[in-house]
Amino acid sequence: MLIIKICVGLLASLTLILAASLSVFGQSKELGPPWLKEIGTPGGELNIPIFAKLKTLNPIISVLDELDILLHAHLLEFNPATGELEPALAASYEISADGKTLTFVLREGLHWSDGQPFSVEDVEFTYRDLVFNPSIPAVNRELFLIDGRLPEVVVQDHRTFSLKFPRPDWSALTVIATQVIVPKHLLQDKASPDGFPNAWSLETPPEQIVGMGPFRLVELIPGERVILKRNEFYWKVDPTGQRLPYVDRVNAWFNVDREAALQRLQVGQIDFLVPSQQGLQTLLRSHDNQVQLTFGGSDLSFNLLAFNLDIGDEDLRRVFRSPLFRQAISHAINRQKVVKDVQGGLAVERFNPVHPDSPFFINDLPQFIFDLNQAQEKLNQLGLTDTDGDGLLNLTANKQFRFKLLVNFESATRVAIAELLREDLGKLGIAVQTELVSFEELQRRLFNPDPLFNLFGPAFEAVVVGFVGTTDPQPLDRLYATEGPLQFYHFTALEEPFAYERRIDEIFREAAMTFDVQRRQELFAEFQMIVAEQLPVILITSPAFVVAVSRELGNIGATKAISGDGPIDLIDVLFIK
């Protein structure tokens, strides 16, 4: 299955300078998550799956996946229910007038899981001595680089900490929200090129692994499980003032894959799982009454259809480049049938690349829904008619309208989508030949073309692929901007962009450089309107985001795809009913 992944990274060099006043951009919330609907009952234990392949317990030099969430915390975090960026260990943060300096005011009275006070010295140590230290193999260091430079660390007082960047960049906030803070009192004597890579190894006594997350490590049995108990010093509370997390203990079981985890779920050895689409079908076929399914909206990924706008065939290129043609094709896609017959009802129709649960999503956009009459009318407006009576539209008097549709055979879903497209476009008089290739071959055809690439463009005519989005629309520039590394459908846009492509580039540049939420809303609203009308790529469906639960858990229904990691993002508010 081809999934074109969006990675978090700093954007290309930009020049726009902000002109905003210094303001408090984010402030700590009232007691408890405002979206929390159920007040939990303390106690009990959860059995959960983790898929991390641990080589170390050091979160500075390795991404620990689920264990990062269980054991550690950040200055900022994404609200798992809304997708909005919020203060975490920071009580608030400010953006300077020129957008280059981010200043964080820490919460007061916090403690590490071993009871030692949390302070600005821990934050300074994490950033200056570890993450920004070129002698330490910090996994996130490159993400902080802007124009090849790291930010300057400034401590103003016992609660106030700043990062000064060479220029404004919104994505810096996203990176900060992924950077774990670690305790100076336990790691400062190991902060050397030789010592730090060996710090917090898998053999480290559990009591020496200290964090600011909801749980603390009790035992690690490599390859089997991790045992954690609630962090009695955890700083979050529910709306009644009751300290979180609710459960007393978590047994996190290592799983090689989701199929193995599914088997554990079915026999009650784990309490929840975000199953694969195949696993979800298995659960539905088994009619397992011991497992409940919770629908959390659409997944972050979506299937799309794209045409090669640089195809060597001049007649095809003329048609493919017409927004009217792409609108006609969107009318010809029976998304409801894809949802029902191809994806077993476990999917949602998609027209907008911004996720429906994103705070930037706008709903009132043009949608070219399934309507073969509308599709035929638009094709007729383009002059595409059957001039010789053979049942196929003609590109020219003696040339039938044919194209090949590329799809990788490993994805049964996309192969089935391609077959439906072939059938429905055939009803319109367009001859479509599906071309099944391997994942590797499809990648090569899209991104690693042969030497004739510069003459004839990428080696495909049309393709059905998958893409993974995020809550914030900014990383969509990787697919839609002319310089986007995943923009595979119009490579000549770098030299000869369409007018709407130039505007999309401008939108992403400005959005990357402003911290004004209202302005970003306006910019991304305009972006959504442009792509809804121009359809540079045509969205089809997203899989449903479904959580399978083996017993009744409170607040599990708040799980959404935008959280990024599923129910584990709600681990501090889950409870056993």
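The values are calculated or read from the model by the stated rules, or taken from the named source; none is laboratory data. Owing to the predicted nature of the structure, the values given are computational and were not obtained by experimental measurement. Here the Cβ positions follow ideal geometry from the backbone for every residue, glycine too, while neighbour counts run over all protein chains shown. SASA here: full protein model, heavy atoms, side chains in, ligands and nucleic acids out. Shrake-Rupley method; radii C 1.70, N 1.55, O 1.52, S 1.80 Å.
Of these, P42, P49, which one is surrounded by 12 or more Cβ atoms within 10 Å (Cβ to Cβ), at pLDDT 50 or above, in contact with a strand residue (DSSP E or B) (Cβ under 8 Å, 6 or more places away or on another chain) and not in a loop (DSSP other than H, G, I, E, B)? The unique qualifying residue is P49. Contact annotation: no residue pair with Cβ atoms under 9 Å, 6 or more positions apart or on different chains, pairs a residue in the range 484-497 that is closer than 14 Å to P536 by Cβ and outside any loop (DSSP other than H, G, I, E, B) with a partner that is at pLDDT 95 or above and aromatic (F, W, Y).
If you go through the range 248-260 and keep only what is aliphatic (A, V, I, L, M) and modelled with pLDDT under 90, you end up with V256, A260. Beta carbons closer than 6 Å, at least 6 apart along the sequence or on distinct chains, pair a first residue in the range 151-176 that is over 16 Å from L75 (Cα atoms) with a second that is part of a helix (DSSP H, G or I) and not small (G, A, S) for P168/M513.
Restricted to strands (runs of 3 or more DSSP E) entirely inside the range 64-121, those with at least 3 residues that are in contact with a helix residue (DSSP H, G or I) (Cβ under 8 Å, 6 or more places away or on another chain) and either open to solvent by 10 Å² or more (accessible area, probe 1.4 Å) or in contact (Cβ under 8 Å) with a residue 24 or more places away in the chain (or both) are 101-106. Scanning the range 556-574 for residues that are touching an Asp or Glu at 6+ places or on another chain (Cβ under 8 Å) and either surrounded by fewer than 22 Cβ atoms within 10 Å (Cβ to Cβ) or without any contact (Cβ under 8 Å) to a residue 24 or more places away in the chain (or both) yields a single hit, D565.
Apart from one condition, L379 fits all of (1) farther than 17 Å from L304 by Cα; (2) touching a residue at least 24 places away in the same chain (Cβ under 8 Å); (3) surrounded by fewer than 18 Cβ atoms within 10 Å (Cβ to Cβ); the exception is (3).
For the range 534-554, which positions are more than 27 Å from Q343 (Cβ to Cβ) and either open to solvent by 10 Å² or more (accessible area, probe 1.4 Å) or under 20 Å from the mean Cα position of the chain (by Cα) (or both)? Within the range 534-554, R551, E552 meet the criteria. When we screen E219, E259, E207, E203 for residues that are assigned to a loop (DSSP other than H, G, I, E, B), among the acidic types (D, E) and either over 20 Å from I136 (Cα atoms) or open to solvent by 40 Å² or more (accessible area, probe 1.4 Å) (or both), the only hit is E203. Among the residues of the range 122-145, just one is of a type in the set (F, W, Y) and open to solvent by 20 Å² or more (accessible area, probe 1.4 Å), namely F132.
Pairing each residue of the range 504-524 that is farther than 22 Å from D147 by Cβ and among the aromatic types (F, W, Y) with any residue that is outside any helix (DSSP H, G or I) and open to solvent by 10 Å² or more (accessible area, probe 1.4 Å), provided the two are 6+ apart or on different chains, yields C-beta distances under 6 Å for F524/F360.
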